[in-house]
Amino acid sequence: HFDLASAPLFRVRLFQFADADYLFVLTFHHLVLDGYAAGVLLRELQEFYSAEVEGRSLELPPAMQLSAYAAEQAARGDAAA
């Protein structure tokens, strides 16, 4: 349960069960992340985790600016009409 009147609207927990046995739990309100954004976040977290475990560096491409995203969505809407 999240109280929409007070922050935060997400929770992150890491539970350790043994030396190499962990559980990562991310709980969020839909106002913070929708299904698509949650998938993007989890993929990026997995990419960073894998890179860390493998001892390699990782740089993700820059995030799309909101104005560019809006223009892309508008273009898709125009194309579908």
State all residues of the range 1-47 that are loosely packed, with under 10 Cβ neighbours inside 10 Å and polar (S, T, N, Q); if no residue qualifies, say none.
Ser6, Gln16
What is the residue count in the range 1-53 for residues that are aliphatic (A, V, I, L, M) and in contact with a His (Cβ under 6 Å, 6 or more places away or on another chain)?
1
Residue hits (the range 17-34; modelled with pLDDT under 90 and of a type in the set (D, E, K, R)) are Asp34
Scope the range 34-73; condition over 23 Å from Tyr22 (Cα atoms) and either aliphatic (A, V, I, L, M) or touching a helix residue (DSSP H, G or I) at 6+ places or on another chain (Cβ under 8 Å) (or both); matching residues:
Ala37, Leu60, Ala63, Met64, Leu66, Ala68, Ala70, Ala71
If Gln16 satisfies every condition in (1) assigned to a strand (DSSP E or B); (2) among the polar types (S, T, N, Q); (3) within 13 Å of the chain's Cα centre (by Cα) but one, which is the exception?
(3)
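The values are calculated or read from the model by the stated rules, or taken from the named source; none is laboratory data. Note that this is a predicted model, so its numbers are computed, not measured. Every residue, glycine among them, receives a Cβ derived from its backbone with ideal geometry; neighbour counts consider all protein chains shown.
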